[in-house]
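Accompanying notes for the structure given below.
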Amino acid sequence: MKASLAPLLTTGLLLTGGIAQADALEARLYKNPSCGCCTAYARQMEARGFDVEVIDTQDIGSVKQAAGIPYGEGACHTIELEGYVIEGHVPFAAIDRLLDERPDIDGIGLAGMPTGTPGMPGPKQAPYEVKQFTDREASPWMTI
């Protein structure tokens, strides 16, 4: 996690095909105050057992820059979770994999606002190409 982003406190984790733990993992979701789809994503995270702090900011670009999001890979919200950055409406299968494997990367993301992803209405239009980020460079992570 980049030094300018606040660290997360966690106490326990057990993954069994999804998030299930005695103590909820803490996440910080940074978003524009008027973004309803970001709020919907936060509610879906909470429904999966995460403790989500929603932080409204008009300067989301600075958050993304501090988090090391590669140019062109941005979306509408940025999440801090377990020392990783999660950019956008990333499907929970990718987050489960990230937390299970704990790779040496900065984070993962799904650029834009694809329909059918958590928080976004509508049917899935195409496979979701989730990328991993390391040192402001993106590369494929998984296709869902």
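Values as computed for the structure displayed
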{"read-out": "Search result, residues across the range 36-58 that are closer than 19 Å to Leu99 by Cβ, part of a strand (DSSP E or B) and either out of contact with any strand residue (DSSP E or B) (no Cβ under 6 Å at 6 or more places or on another chain) or among the aliphatic types (A, V, I, L, M) (or both)", "value": "Val52"}
{"read-out": "Members of the range 56-77 found to be in contact with a Gly (Cβ under 9 Å, 6 or more places away or on another chain) and either in contact (Cβ under 8 Å) with a residue 40 or more places away in the chain or under 22 Å from Tyr128 (Cα atoms) (or both), listed by number", "value": "Lys64, Ala67, Gly68, Ile69, Pro70, Glu73, Gly74, Ala75, Cys76, His77"}
{"read-out": "Contacts under 9 angstrom Cβ, first residue in the range 38-55 being in contact (Cβ under 8 Å) with a residue 60 or more places away in the chain, partner surrounded by 18 or more Cβ atoms within 10 Å (Cβ to Cβ) and of a type in the set (S, T, N, Q), 6 or more apart", "value": "Tyr41/Thr117"}
{"read-out": "Residues located in the range 118-133, provided they are at pLDDT 95 or above, of a type outside the set (Phe, Trp, Tyr) and under 15 Å from the mean Cα position of the chain (by Cα)", "value": "Glu129, Val130, Lys131, Gln132"}
{"read-out": "Count of the range 91-144 residues which are in a loop (DSSP other than H, G, I, E, B) and either crowded, with 18+ Cβ neighbours inside 10 Å or not acidic (Asp, Glu) (or both)", "value": "25"}
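The values are calculated or read from the model by the stated rules, or taken from the named source; none is laboratory data. Given the structure is predicted, the values throughout are model-derived calculations rather than measurements. Every residue, glycine among them, receives a Cβ derived from its backbone with ideal geometry; neighbour counts consider all protein chains shown.
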